[in-house]
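One structure is given here, and the rest of the page talks about it.
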Amino acid sequence: MASDMSLAGRRRVQLALLLTPVSLFFAVFFLGPLTIMIVTSFLAPGLYGGVEWVFYPHNYGRILGFADPAFEIFDPVYLAIFLRSLKIAAFTVIATLFVCYPAAFCIARLSERWKNFCLFLITLPFFTSLIVRLFIWVLILRQTGIVNEVLLAGGIIDRPLELIYTDGAIVLGMVYIFIPFMFMPVYASVEKLDWTLVRASLDLGAGPIRTFIRIILPLTAPGIAGGAIIVFIPALGNFVVPAVLGGAKVMMLGNLIEQQFLSARNWPFGSALAMMVMCAMLVLLFVYVLASGRRGADVMN
Amino acid sequence: MRDSIVRLEGAAKTFPTPEGQSVTALDAIDLDVDRNEFLTLLGPSGCGKTTLLQAISGFVELDAGRILIDGEDMTTRPPYRRPVNTVFQNYALFPHMTVGENTGYALEVAGVAKAERMKQVAAALDMVGLTGMEGRRPRQLSGGQQQRVALARAIIARPKLLLLDEPLSALDKNLRQAMQIELKTLQSELGISFIFVTHDQQEALTMSDRVAVLSGGRIQQLDTPRNIYDRPNNSFVATFVGASNLFEGQMDNGWLLTSDGTAIRYVPSVGNVSGKAKALIRPEQLFISGEGRDHPFLDVEVEQLVFVGSSFELFGHTAEGRKVTAEIPAGRRSFVGEVEQTRKARLSYDPAAVHLIRCDADGI
């Protein structure tokens, strides 16, 4: 019917108008830079910085195994950094989860007043500078830091431990920074947990461990998955923590990319590395959306 | 010794209140539930009935006393090792599992093989009228259907005792009445004892073999529904179960005389010749004079006549100002018209239907 058609048409125009600002925003601040980066990653690096406008796949080749034979033979060092970054990010996720999951249960059972106070404490670090907070860890962990001084004075060790500038120090710093990111989604799902379901499970003969695996874990899984994504993605690309606590010895993808852009001035290679990080994140997000989509579909049916 | 499926001996529990005081939820309760019995715990909220249920299922630890189920001491056993299952008030179905998985959960936990489990799930769902619903999600079901799944889930492992915590309170009236009948039928088919908690006296009277009326953490009366209604032990039971007209006064060999001069006729017997007592007359036992001229009567001024469908509820007071409620069958149109004009009614009663509650039963 004509009137219906025109109504639908009007709707479409309205929708397009309403979506214009956000579409423009995405085009300018997201699609634009992304396109520049994708293009750059396929260009040859200029001898003194900048780019040469020729198709050059060897930026990816340096990482994945088909390096430009004119310059170098393939060295898996970048792959190693990539894997190490994945590993550190994964450890960060696991460690923050181990801290936040039990804490969320404890806080969820407190009275309303204490609950709010604890939530305030958890968000408190956001109000101070990230750099300052990380440098405090330097003071704690360095050779002449508090930990080593105390252990030396107590006679427990006779030589300072190498605490700082290790993978461990980076994970520690990451955990410290990302705990609030993990806590909030985990807490949201734990607080929502219906304890009568736990009771029902116990009542039907399932012991505490079984109840945890079959009831509590699946019901809080969305929070865990959300927290894992929110922590993993910035942890993978983070360069501040490794720069401060990893020193020159431990390099992560974030530092490598920063180095390519700022010191080595190899923008195409930096872009290629950044694209790799983005691909890893996209795969992860895709899996997450797929999983939560299936959950959603279950509910809808 | 009685062959009871559940026995409580001096079960006691107090809870601290946020104000630093304590509330007695269970006050040294003794209770025996017979095999294959449908027992209802009836009481107002806060009377201890839910605590009692949770003590039996194991979610509340007793301060003192013992719980025996089928002769075995269960006092310190955790809930997951008691042969008791519960139908929860809000069903508590696992939202991430299908109806089939929900129903078979107790069997899965007990390690029953999948093929056998599915067979039993199908049978249990069949029993509650949800044949073939295994693949649905709890959220896709109506309230009544969820209720049935909760029931199937709780009976599938054949517990020795089924506890039902106000399971019908969320259903609408028609569905509730249908479920009441079904529950009673299911209970006699299964041969499992049911302990049913409710604050709805109608529900308690409809379904139960026996009713335990609770108040203040004590069992006020444990008896058949008819006795609870017709012969309440004390005025709490009399007023909580059903509507009631209570006249407090001095017994005088067949007459109960209130302080303001109202006289109620009763049939004297041993033990109620003299002393203080309350006379209970249910509203439906007051009828319009003229039907039986020999009966004693009360003259009341009618305040309100409320049509409730099958009957009229008459609210009035005697010349002395004592409130009286009566239930008049809706068929008596002529009477209704008369009352509406004169605002007066003469209500008769049969002295044999007057039940006396001695005041020492109320602790007065």
- Which one of these is in contact (Cβ under 8 Å) with a residue 40 or more places away in the chain and surrounded by fewer than 19 Cβ atoms within 10 Å (Cβ to Cβ): A:ALA264, A:ALA235, A:ALA225, A:ALA274? A:ALA225
- Query: Can you tell me which residues in segment B:58-87 are within 9 Å of another protein chain (Cβ to nearest Cβ) and crowded, with 21+ Cβ neighbours inside 10 Å?
  - Reply: B:GLY58, B:PRO79, B:ARG82, B:VAL84, B:ASN85, B:THR86
- Message: I want to confirm something. Restricting to segment B:352-361 and keeping residues that are crowded, with 17+ Cβ neighbours inside 10 Å and not in a strand (DSSP E or B), which single residue is nearest to the chain's Cα centre (by Cα)?
- Response: B:ALA361
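Results for (1) at pLDDT 85 or above; (2) aliphatic (A, V, I, L, M); (3) part of a loop (DSSP other than H, G, I, E, B), shown as yes or no for each residue.
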residue: B:GLU248; (1), (2), (3): yes, no, no
residue: B:ILE264; (1), (2), (3): yes, yes, no
residue: B:ASN272; (1), (2), (3): no, no, yes
residue: B:ALA345; (1), (2), (3): yes, yes, no
- Message: Take B:PHE287 and tell me if it is touching a Leu at 6+ places or on another chain (Cβ under 9 Å), aromatic (Phe, Trp, Tyr) and surrounded by fewer than 18 Cβ atoms within 10 Å (Cβ to Cβ).
- Response: no
- Message: With the requirement that a residue be hydroxyl-bearing (Ser, Thr, Tyr) and within 23 Å of B:ASP200 (Cβ to Cβ), what does segment B:1-45 give you?
- Response: B:THR40, B:SER45
- Query: Among the residues of segment B:298-329, which ones are polar (S, T, N, Q) and surrounded by 15 or more Cβ atoms within 10 Å (Cβ to Cβ)?
  - Reply: B:SER311, B:THR318, B:THR325
- Considering (1) assigned to a helix (DSSP H, G or I); (2) of a type in the set (Gly, Ala, Ser); (3) touching a residue at least 60 places away in the same chain (Cβ under 8 Å), say which one A:ALA44 fails and leave the rest. (1)
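Confirm whether B:GLY111 is under 31 Å from the mean Cα position of the chain (by Cα), within 11 Å of chain A (Cβ to nearest Cβ) and not β-branched (Val, Ile, Thr).
No; evaluated as a whole, the condition is false for this residue.
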- Considering A:ALA235, A:ALA225, which residue is over 30 Å from B:VAL84 (Cβ atoms) and more than 14 Å from every other protein chain (Cβ to nearest Cβ)? A:ALA235
- For segment B:97-121, which residues satisfy the criterion of being within 18 Å of A:ARG210 (Cβ to Cβ), touching a residue at least 40 places away in the same chain (Cβ under 8 Å) and in contact with a Gly (Cβ under 8 Å, 6 or more places away or on another chain)? B:ALA106, B:ALA110
- Message: Residues to consider are B:VAL302, B:VAL308, B:VAL270, B:VAL324; find the one that is touching a residue at least 40 places away in the same chain (Cβ under 8 Å) and within 28 Å of B:PHE236 (Cβ to Cβ).
- Response: B:VAL324
- Message: Out of the helices (runs of 4 or more DSSP H) lying entirely within segment A:109-207, which hold 1 or more residues that are in contact (Cβ under 8 Å) with a residue 60 or more places away in the chain?
- Response: A:112-123, A:130-141, A:167-192
- Please give the strands (runs of 3 or more DSSP E) falling wholly within segment B:145-219 in which 3 or more residues are under 21 Å from B:ALA92 (Cα atoms). B:161-165, B:193-198
- Task: Please work out if B:GLY143 is more than 20 Å from A:GLY205 (Cα to Cα), within 10 Å of chain A (Cβ to nearest Cβ) and of a type outside the set (Lys, Arg).
- Result: no
- Filter segment A:195-210 down to residues that are more than 7 Å from every other protein chain (Cβ to nearest Cβ) and surrounded by 15 or more Cβ atoms within 10 Å (Cβ to Cβ) and give me whichever is farthest from B:GLY104 (Cα to Cα). A:VAL198
- Task: Have a look at A:LEU163, A:LEU152 and point out the one that is at pLDDT below 95, surrounded by 19 or more Cβ atoms within 10 Å (Cβ to Cβ), more than 19 Å from A:ALA291 (Cβ to Cβ) and more than 14 Å from every other protein chain (Cβ to nearest Cβ).
- Result: A:LEU163
- Query: Which one of B:ARG218, B:ARG226, B:ARG265 is under 30 Å from B:VAL23 (Cβ atoms), charged (D, E, K, R) and surrounded by fewer than 21 Cβ atoms within 10 Å (Cβ to Cβ)?
  - Reply: B:ARG218
- Note on the structure: Here the residues within segment B:146-159 that are within 13 Å of chain A (Cβ to nearest Cβ) and either under 20 Å from B:VAL197 (Cβ atoms) or within 23 Å of the chain's Cα centre (by Cα) (or both) are B:GLN146, B:VAL149, B:ALA150, B:LEU151, B:ALA152, B:ARG153, B:ALA154, B:ILE155, B:PRO159
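Mind counting the residues in segment B:318-337 that are assigned to a strand (DSSP E or B) and within 29 Å of the chain's Cα centre (by Cα)? Spell out the reasoning first.
Initially, segment B:318-337 is screened for residues assigned to a strand (DSSP E or B), giving B:318, B:323-329.
Next cut, within 29 Å of the chain's Cα centre (by Cα) only: B:323-329.
So the answer is 7.
Matching residues to (1) among the hydroxyl-bearing types (Ser, Thr, Tyr); (2) outside any helix (DSSP H, G or I):
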residue: A:SER23; (1), (2): yes, no
residue: A:ALA27; (1), (2): no, no
residue: A:PHE30; (1), (2): no, no
residue: A:LEU34; (1), (2): no, no
residue: A:THR40; (1), (2): yes, no
residue: A:ALA70; (1), (2): no, yes
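The values are calculated or read from the model by the stated rules, or taken from the named source; none is laboratory data. Computed from a predicted structure; not experimentally measured. No Cβ is skipped: glycine too gets one built from the backbone with ideal geometry, and neighbour counts run over all protein chains shown.
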